[in-house]
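The structure under discussion appears below in the form of structure tokens.
The values are calculated or read from the model by the stated rules, or taken from the named source; none is laboratory data. All figures in this text were calculated on a predicted structure; none of them were measured in a lab. Backbone-built Cβ (ideal geometry, glycine too); neighbour counts: all protein chains shown. The accessibility values were calculated without ligands, DNA or RNA, using every heavy atom of the protein model including side chains. Shrake-Rupley method; radii C 1.70, N 1.55, O 1.52, S 1.80 Å.
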Amino acid sequence: MSVIVKSTTESIKSLIENAAKKAIAEGLLQSAELTPFAVEVPADRSHGDFAVNAAMVWSRVFRTNPRAIAEAIVNNLQLTGTYIDRAEIAGPGFINLFLSDNYYADIVSDVIAKGADYGCSEIGKGKKIMVEFVSANPTGPMHVGNARGGALGDCIAAVLEKAGYDTFREFYINDAGNQIAKFGLSLDIRYKQLFDETVEMPEEAYHGQDIIDHAKNFAAIHGDSYLKVTEEERRDALVKFALPQNIEALERDLKKYRIVYDNWFKESTLHNNGEAAKVVELLTERGYTYEQDGALWFKGKEFNTEDFVLRRSNGFFTYVVPDIAYHYNKLVTRGFDKAVDVLGADHHGYVPRLKGALQALGIDPSRLDVVLMQMVRLIRGNETVKLSKRSGKAITLVTLLDEIPIDAARFIFNSKEPNTHLEFDLDLAVEQSSQNPVYYVQYAHARICSILRNLEAEGIKPEQAKTDWLVRLNTSEERELIRHISAFTGEIEAAALGYDSARITKYVYELATLFHKFYNACRVKIDDKELMQARIALCIATKTVIANVLTMFKIEAPESM
């Protein structure tokens, strides 16, 4: 939370404790140990800006009714020099505290002074955290689920950066294993079909147009020469030809989506440098493996998961081995304090296995956090959409971004918690109305820019607002807007700790709503210069916070619409 909000919350605890100690010293309360109590923000701000339950909590230790305790505390509160204006007792003994005008004035000044840095927190303490997301198989184009995973992962990483973590974005390329073998098979069949139409395509192969295109491009260079080599040589050559192009396309498409990774890590690295074999050796040395029917198993039951195979009877590792090695590489070899994976909800059963293996390797499993992401349903009207209107093919990340603005995609994919299903309305995403959430927020920013331009055209420029002016921002609409602005850093911290970037889109949408409410109730251009300048300052503070959110999420903050 912001320095002002945090210091105020902490000072309230001290004020209450000091008042209780003073009451004890004066004999108004018996001597007792003061136990922890809560300082909360009430749902109804007419009941105060903060509510304290100390009197209720201490009724047992003081052996008297909460109301009497609350009266003793309130009568001994020393509020001079604090942001607290007054205290009232409510109900059976709640102490409600009301903030002073100076508090609201200083919040506005703080936002303007910090500018682009407003909202930053230090709770991350510079800890190294890797966010791995999308990591789509490089055997074909990215689908709509990857579109959600990309927006979520990138924005979660942005929130972590804002919260003070040393954040690193990584894409894990599955360039080994069964999917690459299937990729080679598919390319091989399509290549052979160019010279012999009777060759049949197996059902389990990849049937996409991209496989056909790769085979044709390969044949345009090499002709039928690869029909004369072994199947292994041919498939290896086809994969070496097509895979780099697919990876390059992934990187290009994600850059279009405004996602740039710090590193692209290849699974094959773990096989080539021996790290995959090493983790199996370590697990065996630690006594957490056993052989059965020629296969090597991990003792998962010792780590609250089921036993599972590490090495098949044919000598090949299962898919989980390079995944264990990859996370060992993240947390041990490269020394990240924390690894965060954004994965599809179908990985639910996979997570306990991975955490169990890490624990068996002596790594604290809490250093791995997994964000499980539910499916996306594209809708137009009331109907589910599976095909692109333009191409008639399944909607991929690229076709989606051809149909809707990138700003809308990034905002809407972050509009709901990852673990909830998301209905993405394609019509709404392109609509220029208040129903479109990103348009609504961007319009608020543009509206403020327009207000400031119009004032400047009339010779009215923002002045450094004095506290004596800002304290006059006392209407309910002004106070509500300032309170929401003051909560920004706290929302960043909560979003970072919960890996929930949707908190921030909801926050900024509500901020836009409160600004429109303020603007409709309070005229900015008025004859009273001091109040006008205070309201201009509030407009600038609101604009700053909206821009900070949009910029953080790589969404345009337009100055006109």
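Could you tell me the center-to-center distance, by alpha carbons, between the range 115-165 and the range 84-103 in angstrom? Each part reduced to its Cα centre gives a spacing of 40 Å. Once all protein chains are placed together, Val134 keeps about 20 Å² accessible to a 1.4 angstrom probe. Taking a straight line from the alpha carbon of Lys525, these lysines sit under 27 Å away, with near neighbours fewer than eight places off in the same chain left out: Lys114, Lys461, Lys466, Lys517, Lys543.
Residues Met373, Met130, ordered by accessible area of protein heavy atoms at a 1.4 angstrom probe radius and largest first, appear as Met373, Met130. For the range 265-270, 3J(HN,Hα) computed residue by residue from phi via the Karplus equation (6.51, -1.76, 1.60; θ = phi - 60°) reads 9, 8, 4, 4, 4, 5 Hz, glycine and proline entered as x. Here the mean projected area of the convex hull built on the C-alpha positions of the range 294-373 is 5.4 nm². Pairs exceeding 30 Å between alpha-carbon atoms, taken from Lys255/Lys386; Lys529/Lys554; Lys330/Lys554; Lys162/Lys355: Lys529/Lys554. Heavy-atom accessible area with a 1.4 Å probe sorts Ser100, Ser313, Ser225, largest first, into Ser313, Ser225, Ser100. Once the Cα atoms are used to define both axes, helix 101-114 deviates from the longest principal axis of the chain by about 40 degrees. Taking amide H as placed 1.01 Å from N in the peptide plane, the amide H of Ile173 sits under 5 Å from that of Phe265, Lys266, Glu267, each at least 5 places away or on another chain. With the Cα gyration tensor of the range 462-561 giving a ≥ b ≥ c as the square roots of its eigenvalues, does the rule (a/c under 1.5 for rounded; else a/b larger than b/c for prolate; else oblate) give rounded, prolate or oblate? Prolate, since a/c reaches 1.5 and a/b exceeds b/c. Database remark: amide H of Leu79 closer than 5 angstrom to no amide H (H placed geometrically; neighbours at sequence offset of 5 or more, or on other chains; Pro and chain starts carry no H). Each Lys and Arg Cβ is given +1 and each Asp and Glu Cβ -1; about its Cα centre, the range 352-454 then shows a dipole of about 180 debye.
Can you give me the orientation-averaged projected area of the convex hull built on the Cα atoms of the range 382-523, in nm²? Dividing the Cα hull surface by four gives the mean projection, 11.8 nm². Between Ala70, Leu514, Ala339, the Cα set farthest toward the positive side of the dipole of the chain (charges on each charged residue's Cβ, about the Cα centre) is that of Ala70.
Would you be so kind as to identify which of Ser268, Ile395, Pro437 lies farthest towards the positive end of the dipole of the chain, taking Lys and Arg as +1 and Asp and Glu as -1 on Cβ and the Cα centre as origin? Farthest along the dipole direction, towards plus: Pro437. Over the chain, dividing the summed -39,500 (n - 2.57) contributions of all DSSP H runs of at least 4 residues by the number of residues returns a 222 nm mean residue ellipticity of -15500 deg cm²/dmol. Shown are His214, His143, whose ranking by accessible area with a 1.4 Å probe and every protein chain present, most to least, is His143, His214.
Using a probe of 1.4 angstrom and keeping all protein chains present, the accessible surface of the chain works out to 46 square angstrom per residue. Centre-to-centre, using Cα atoms only, the range 414-455 and the range 276-335 are separated by 47 Å. Projected onto its three principal axes, the C-alpha set of the range 107-223 covers 75, 26, 25 Å, listed from the longest axis down.
Please report the antiparallel percentage of DSSP beta bridges with both residues in the chain, rounded to the nearest 5.
50 percent
Answer rounded, prolate or oblate for the range 434-473, using the Cα gyration tensor with square roots of eigenvalues a ≥ b ≥ c: rounded when a/c is under 1.5, else prolate when a/b is larger than b/c, else oblate. Cα axes put the range 434-473 in the oblate bin.
Relative to its residue count, the chain spans a Cα convex hull of 202 Å³ per residue.
From the alpha carbon centroid of the range 19-57 to that of the range 488-505 is 29 Å. Working from Cα pairs under 8 Å separated by at least six residues, relative contact order for the chain is 16 percent. Take every pair of alpha-carbon atoms less than 8 Å apart whose residues are at least six positions apart; their mean separation over the length of the range 290-393 yields a relative contact order of 21 percent. When a 1.4 Å probe is rolled over the protein heavy atoms, the share of accessible surface on the range 20-82 that falls to carbon and sulfur comes to 48 percent.
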